[in-house]
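Peer 1: Okay, here's the structure, questions in a sec.
The values are calculated or read from the model by the stated rules, or taken from the named source; none is laboratory data. In this text, all values refer to a predicted model and were calculated from it rather than measured experimentally. Counting neighbours? That spans all protein chains shown, and the Cβs are built from the backbone with ideal geometry, glycine included.
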Amino acid sequence: MSPVDPFDDASTARAVIDDHGAVVRWSAGARRLLGYTETDVLGRPAAALLADPAKAPPGAPADRRWNGPLALRHRDGHTVSVRLLALRASAPGAPDTWHAVVPPDTADLDPPHETLTSAALSQSPCPMLVCDRKLRLRWLNDRMMEIIDLPPGQVIGLRVSDIGFRSENTELEQYLTDVLTTGLPRDIPSYLRPSGFSKATAQLTRLAPLIDAAGRVQGVCLTGHDFTEHYLARERLQLVNEASVRIGSTLDVTRTAQELADVCVPALADFVSVDLLDPQEHGEPPLRLTAPIGLRRAAHGSVNPGSPEAVIKSGQLEIYPTGSPQADSLIAGRSVVASVTAGDLDEWLAHNEPRSDRAREYGVHSSMSVPIQARGTTLGVAVFRRYRRPDPFTADDVLLAEEITARAGVCIDNARRYSRERDTALALQRSLLPRTLPRTAAVEAASRYLPAARAGVGGDWFDVIPLSGMRVAMVVGDVVGHGIQASATMGRLRTAVRTLADIDLAPDELLTHLDDLVVRLSAEAGGEGSPGEVGATCLYAVYDPVSRRCTLARAGHPPPVVVPPRGTARQIDLPAGPPLGLGGLPFESAELDVREGSVLAFYTDGLIASRERDVDAGHRLLREALATYSDSLDETCDRVLNTLLPAGGVADDVALLLARTRGLPASQVSTWDIPADPSLVSPIRKQVVEQLDVWGLQEAAFTAELVVSELVTNAIRYGAHPIRLRLIHDATTLICEVSDTNHTAPHLRRAKTWDEGGRGLLLVAQLTERWGSRHTADGKTIWAEITLLPED
């Protein structure tokens, strides 16, 4: 062996044989073993080297390897017995070869086998110890002595429990006993911090029985294998996987930030705070960050219940100056790791006494600040702190925190974008829905609207529309879909319903016109004229407090519920009708008597539909919630929502409209049949004035006399008999109605200077609050409303 080349090739005999059986390589060890030089054997058959060619090894073993005893012929003619190992080698584009090797005599090895074995056991990086049959410590290597931190002279002969070895694992001695009893090896994985070590390590402790020649167990050998890096890598991978599952479960910014903190505690840090930049105008954060930076606490998490380490509360805005971990990390645009013990945060803590006191109280020693970024935009910063775990943050911890924070950043950005869109849609929805319901003599009404928790604002709407003759229209609808488009469509339909209601269309006729509108909207939305691209359902009802009758029609909408006073809630049997937008299908209306004081409940399907129950169960719960009487409809609305809706939010938006019916007594209504004689208009006026005196409405007598005179005269002149005059009044309004059987409606026009007529309706319009006409099954009705309130 030369000092330059430490390997002595002459001690080992090696040869290479090609696939034809010829020798192609011959080592110095082979020449020393058999006496042949390279010139003697190269290119010649290897079989010639055998003492007995008939006992040649097989040429192509299935496992591509052969080993065993073999008799070779020395150059001088004597036989050399060896143990040969032959391996078949393959190379791309080259024929296979056999590599044959004969190990040297162990007596020629230096240093001796015992010396190397003893050194290997004592100096092995794996901690080892040996116990006898009584579990007394008989031997341990150098690494094990480092772990137990005691010299061998003080521990040999003691039991493992006597030296407190790994006191965290109290079952170790029992495991040793099991191995002695059964004679079977055992593996024990553990993750702990041995005494004398600054950080925890992952160990695989292997217990193996020591068996003598007679097969008896004489002791146990304990070997520890450190797989900390693999363990931590697996833990990091598991934490990343857990973060991908747990973070972003909702589209709520605060909830997502809290999920980030919860995932990292205690797996990565003892305390985690998440601070976010407030969105600027149009929802965009500032492009350039400079200190001091204002951040709002979104969430924090701790190993201690209640997070007592937190200096600021969730939702509180804090200004972070230069030198703070938050500002330094955001301005640098990268993660910043700081050590409290090294003084990296002295300047920051010196200017913030509460944080300094809290850091000393809990013994914070390490801090790591990671910017929260998504799609090239900085959203905030997450700060990780350690005080219970003694080890500082490592480079792997930084990579792990950045990976988790990046995932959380995308979820937070999605939540913010969704929140902006949802807030916009909700603002649009609120602006399109009635802010307050009108007070009418016909009904007392209350309503509720709840947007969907996940899908966002939809197209549900409701309305209460005063009509002529003290009547009132009530409507509830639902546009298919969610978001701004659904809200905009809802607004257009609500406006259309109000316009159609203003001309006093019957419920079935109104839905027919509304269906045509939805078909047109569907075509405008890109449906190429095919129905169903924009869909909606609707229920429209008209209640008359004079007759106490309600006329209803629905287009694919859930039927309403009526609760008579001191009666049982029941669902109104009403023809379903097709949803709006199909086009060309008829709608049917139904009419029913409604007792005064009854409650009519109109709602959208989001109230009764649920994953936890079927629709029939939802209807049953609704009837039960409405059955309990309350003087306040607002209380009834709240009870209905609390009964039917889950506490965590609804899957679909919900609209609810409750109306308690009122009736006008017969004493507040007066009716006259008008003969077809213009000369009798004067007595009719006199009767009207007398009736107003009975009602105590003398202040409205002059205006009412003029209006009645004009409307009755027009009906006699242009209408068809029979003609009827009706006066209706409540505390604030006097209504004059003239009905005839002619379907032609009057029109307001401007009379020329020398025209004798044409000024009557103009006079009516000037003297009354409002006037109009409505068609009935028998003709038409001209009406005018006179306010009874003072001008001021």
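Peer 1: Could you list all residues from the stretch 592-605 that are closer than 16 Å to G556 by Cβ and surrounded by fewer than 24 Cβ atoms within 10 Å (Cβ to Cβ)?
Peer 2: D605
Peer 1: So, one more: Restricting to the stretch 496-513, what's the tally of residues that are within 11 Å of V475 (Cα to Cα), surrounded by 20 or more Cβ atoms within 10 Å (Cβ to Cβ) and charged (D, E, K, R)?
Peer 2: 0
Peer 1: Return the only residue of T703, T643 being outside the structural domain of R439 (by TED's automatic domain parsing), surrounded by 12 or more Cβ atoms within 10 Å (Cβ to Cβ) and hydroxyl-bearing (S, T, Y).
Peer 2: On inspection, the qualifying residue turns out to be T703.
Peer 1: Give the residue, chosen from L349, L295, L317, L289, that is in the same structural domain as A415 (by TED's automatic domain parsing), in contact with a Phe, Trp or Tyr (Cβ under 8 Å, 6 or more places away or on another chain) and either modelled with pLDDT under 90 or of a type in the set (A, V, I, L, M) (or both).
Peer 2: The unique qualifying residue is L295.
Peer 1: Now, a different point. With the condition kept exactly as written, say whether any residue in the stretch 218-240 is surrounded by fewer than 19 Cβ atoms within 10 Å (Cβ to Cβ), of a type in the set (K, R), in the same structural domain as R138 (by TED's automatic domain parsing) and closer than 30 Å to D142 by Cα.
Peer 2: Within the stretch 218-240, none of the residues are surrounded by fewer than 19 Cβ atoms within 10 Å (Cβ to Cβ), of a type in the set (K, R), in the same structural domain as R138 (by TED's automatic domain parsing) and closer than 30 Å to D142 by Cα.
Peer 1: Starting from the stretch 109-138, take each residue that is within 10 Å of V220 (Cα to Cα) and list its partners that are in a helix (DSSP H, G or I) and at pLDDT 75 or above, counting only C-beta distances under 6 angstrom and pairs at least six apart or across chains.
Peer 2: Note: pairs meeting the criteria are L129/M144; L135/L176.
Peer 1: Okay, moving on. Have a look at G581, G577 and point out the one that is closer than 19 Å to L657 by Cβ and either in contact with a Pro (Cβ under 8 Å, 6 or more places away or on another chain) or of a type outside the set (S, T, Y) (or both).
Peer 2: G577
Peer 1: Considering only the stretch 201-243, how many residues are small (G, A, S), touching a Ser or Thr at 6+ places or on another chain (Cβ under 8 Å) and at pLDDT below 85? Talk me through it step by step, then tell me what you get.
Peer 2: We begin by selecting, within the stretch 201-243, every residue small (G, A, S); these are 202, 208, 213-215, 219, 224, 233, 243.
In the following step, the residues that additionally are touching a Ser or Thr at 6+ places or on another chain (Cβ under 8 Å) were identified as 202, 208, 224.
Pick out the ones that are also at pLDDT below 85 and you get 202.
The total comes to 1.
Peer 1: Another question, if that's okay. Sort out which residues of the stretch 639-668 are closer than 24 Å to M490 by Cβ and either in a helix (DSSP H, G or I) or hydrophobic (A, V, I, L, M, F, W, C) (or both), and write them in order of number.
Peer 2: Once the filter is applied, which keeps residues that are closer than 24 Å to M490 by Cβ and either in a helix (DSSP H, G or I) or hydrophobic (A, V, I, L, M, F, W, C) (or both), the stretch 639-668 yields V640, L641, L644, L645, V650, A651, V654, A655, L656, L657, L658, A659.
Peer 1: Is it true that A523 is in contact with a Gly (Cβ under 7 Å, 6 or more places away or on another chain), surrounded by fewer than 21 Cβ atoms within 10 Å (Cβ to Cβ), free of Cβ contacts under 8 Å to residues at least 24 places away in the same chain and not charged (D, E, K, R)? Break it down into steps so the answer makes sense when it comes.
Peer 2: Details: in contact with a Gly (Cβ under 7 Å, 6 or more places away or on another chain): yes; surrounded by fewer than 21 Cβ atoms within 10 Å (Cβ to Cβ): yes; free of Cβ contacts under 8 Å to residues at least 24 places away in the same chain: yes; not charged (D, E, K, R): yes.
Criteria met by A523.
Peer 1: Just give me the residues in the stretch 628-686 being under 29 Å from T781 (Cα atoms) and among the charged types (D, E, K, R), in sequence order.
Peer 2: Answer for the stretch 628-686, where residues must be under 29 Å from T781 (Cα atoms) and among the charged types (D, E, K, R): R660, R662, D673, D677, R685, K686.
Peer 1: Further question on the same structure: Taking into account only those residues within the stretch 45-93 that are small (G, A, S) and within 60 Å of the chain's Cα centre (by Cα), which is modelled with the highest pLDDT?
Peer 2: That would be A89.
Peer 1: Kindly evaluate L626 against the criterion of being in a loop (DSSP other than H, G, I, E, B), farther than 30 Å from D740 by Cβ, over 33 Å from the mean Cα position of the chain (by Cα) and of a type in the set (A, V, I, L, M, F, W, C). Even if it seems obvious, please write down each step before you answer.
Peer 2: Numbers: in a loop (DSSP other than H, G, I, E, B): no; farther than 30 Å from D740 by Cβ: yes; over 33 Å from the mean Cα position of the chain (by Cα): yes; of a type in the set (A, V, I, L, M, F, W, C): yes.
For L626, the condition - in a loop (DSSP other than H, G, I, E, B), farther than 30 Å from D740 by Cβ, over 33 Å from the mean Cα position of the chain (by Cα) and of a type in the set (A, V, I, L, M, F, W, C) - is not met.
Peer 1: Go through the stretch 325-343 and count every residue that is in contact (Cβ under 8 Å) with a residue 12 or more places away in the chain and farther than 20 Å from G294 by Cα.
Peer 2: Count: 5.
Peer 1: Could you tell me whether the stretch 284-301 includes any residue that is among the hydrophobic types (A, V, I, L, M, F, W, C), under 24 Å from the mean Cα position of the chain (by Cα) and surrounded by fewer than 22 Cβ atoms within 10 Å (Cβ to Cβ)?
Peer 2: No, that holds for no residue.
Peer 1: Is it the case that the stretch 433-447 has a residue that's over 25 Å from S630 (Cβ atoms) and either aliphatic (A, V, I, L, M) or assigned by TED's automatic domain parsing to the domain that holds V542 (or both)? Before you say what the answer is, go through the steps one by one.
Peer 2: Step one: filter the stretch 433-447 for residues over 25 Å from S630 (Cβ atoms), giving none.
No, the stretch 433-447 contains no residue that is over 25 Å from S630 (Cβ atoms) and either aliphatic (A, V, I, L, M) or assigned by TED's automatic domain parsing to the domain that holds V542 (or both).
Peer 1: If V681 satisfies all but one of (1) at pLDDT 85 or above; (2) assigned by TED's automatic domain parsing to the domain that holds A715, what's the number of the condition it fails?
Peer 2: Here V681 clears every test but (1).
Peer 1: On the basis of being at pLDDT below 95 and surrounded by 16 or more Cβ atoms within 10 Å (Cβ to Cβ), does D357 make the cut? Talk me through it step by step, then tell me what you get.
Peer 2: Details: at pLDDT below 95: yes; surrounded by 16 or more Cβ atoms within 10 Å (Cβ to Cβ): no.
When the stated conditions are applied, D357 does not pass them.
Peer 1: Also: When you go through T568, T551 one by one, which is the residue that is assigned to a loop (DSSP other than H, G, I, E, B) and either in the same structural domain as A609 (by TED's automatic domain parsing) or modelled with pLDDT of 90 or more (or both)?
Peer 2: None of the others qualify; the one that does is T568.
Peer 1: Okay, next question. Can you confirm whether the stretch 363-370 contains a residue that is polar (S, T, N, Q), buried (at least 17 other Cβ atoms within 10 Å of the Cβ) and part of a loop (DSSP other than H, G, I, E, B)?
Peer 2: Scanning the stretch 363-370 turns up no residue that is polar (S, T, N, Q), buried (at least 17 other Cβ atoms within 10 Å of the Cβ) and part of a loop (DSSP other than H, G, I, E, B).
For every residue, the table says whether it meets (1) in contact with a His (Cβ under 8 Å, 6 or more places away or on another chain); (2) within 26 Å of S249 (Cβ to Cβ).
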site	(1), (2)
A401	no, yes
I404	no, yes
G409	no, yes
Y418	no, yes
T424	no, yes
S431	no, no
R439	no, no
S447	no, no
G458	yes, yes
